[in-house]
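Following: one structure in structure tokens, then a few remarks.
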Amino acid sequence: MVQELYAMRYDSPVGQLLVVEKEKALAGLWIEGQKYYPVFRPGELQERADSDTLNHVKDWLDRYFAGKRPSIEELPLAPSGTEFRMAVWKLLCEIPYGEVVTYGEIAGKITSQRGTGKTSARAVGGAVGHNPISIIIPCHRVMGADGSLTGYAGGVEKKKKLLEIERQGHQA
């Protein structure tokens, strides 16, 4: 069975976003030109201006970029990835608005949850970099061990801009 993918474009302060819905849930949100930007076959995506799900995401993004604090829980999310990546993305959703954590802190939490050998910050970085729902699953809130703005698939300048938007909204 072929799953229908609906899409819309969204002009944001960090560039044009591609927002993709699958089965009434948000399956992807990518910044144009970012690393790991998906390639779709011709006809695979259908532009859909009347989608309730996509319009809900648009409203969420409008509020986010206006400095409000929309909740991740408002949206039905359906990222697709390995069990490890899904665990990392779930932890990203727990990072409070306007705050940051390090790759090492996430690695420590994954190690605790799994009860297995130590998880490397590098492995976490790979999962964070492949986050298919940028901005909403807030991978931009993850920093290097020294607090540096490292490794954002959309580019460090866009990461900086997103954190600035949150900092301003956090003060409001």
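Key figures for this structure:
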item: Computed lengthening from GLU164 to ARG122, 0.36 nm per intervening residue step minus Cα-Cα distance; result: 12.6 nm
item: Diffusion constant of region 121-172 at 10 °C, which comes from Stokes-Einstein with the Kirkwood Cα-pair radius and 1.306 mPa s, µm²/s; result: 139
item: Links that overshoot a 20 Å alpha carbon limit, given the list LYS58/LYS109; LYS35/LYS160; LYS24/LYS161; LYS22/LYS58; LYS35/LYS158; result: LYS58/LYS109; LYS24/LYS161
item: Electrostatic dipole magnitude of region 43-172 [Cβ: Lys, Arg +1; Asp, Glu -1; Cα centre; debye, to 20]; result: 480
item: Stokes-Einstein diffusion coefficient of region 1-102, Kirkwood radius over Cα pairs, 37 °C, 0.692 mPa s, in µm²/s; result: 221
item: Paramagnetic reach from GLU99 in region 60-77 [backbone N under 17 Å; point 7 Å along Cα→Cβ]; result: 69-73
item: HN-Hα J in Hz across region 38-47 - Karplus 6.51, -1.76, 1.60, θ = phi - 60°, x for Gly and Pro; result: x, 10, 10, 6, x, x, 6, 9, 10, 5
item: FRET E, pair ASP11, PHE84, Förster distance 35 Å, beta-carbon r, rounded to 0.05; result: 0.55
item: Calculated SAXS-style log₁₀ I(q)/I(0) at q = 0.08 Å⁻¹ - the chain, Debye, Cα scatterers; result: -0.24
item: Length-normalised contact order for region 1-132 - Cα pairs under 8 Å, 6+ apart - percent; result: 21
item: Residue (of HIS56, ALA7, TYR97) at the positive-pole extreme of region 1-116, dipole from beta-carbon charges; result: TYR97
item: Segments 132-141, 70-79, 39-48 sorted - mean Cβ within 10 Å per residue, highest first; result: 132-141, 70-79, 39-48
item: Shape of region 42-82, Cα gyration tensor, a/c cut at 1.5; result: oblate
item: Solvent-accessible area, 1.4 Å probe, carbon plus sulfur percent, for region 1-144; result: 51
item: Span from the region 73-126 Cα centroid across to the region 1-52 one, whole angstrom; result: 23
item: Quotient of C-alpha Rg and 2.2 N^0.38 Å, computed over region 99-149; result: 1.11
item: Expected-Rg normalisation [2.2 N^0.38 Å, Cα atoms] applied to region 68-116; result: 1.26
item: Amide hydrogen neighbours beyond the local backbone of SER12, cut-off 5 Å, H modeled; result: LEU17
item: Nonlocal amide H pairs with GLY28, under 5 Å, H built at 1.01 Å; result: VAL20
item: Computed Kirkwood radius, in angstrom, where 1/r is averaged over Cα pairs of region 68-164; result: 13.6
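The values are calculated or read from the model by the stated rules, or taken from the named source; none is laboratory data. Keep in mind that what you see is a predicted model, and the values were worked out from it rather than measured. Cβ: placed from backbone, ideal geometry, glycine included. Neighbour counts: every protein chain shown. In case anyone asks, the SASA skips ligands and DNA or RNA and just uses the protein heavy atoms, side chains included. Shrake-Rupley method; radii C 1.70, N 1.55, O 1.52, S 1.80 Å.
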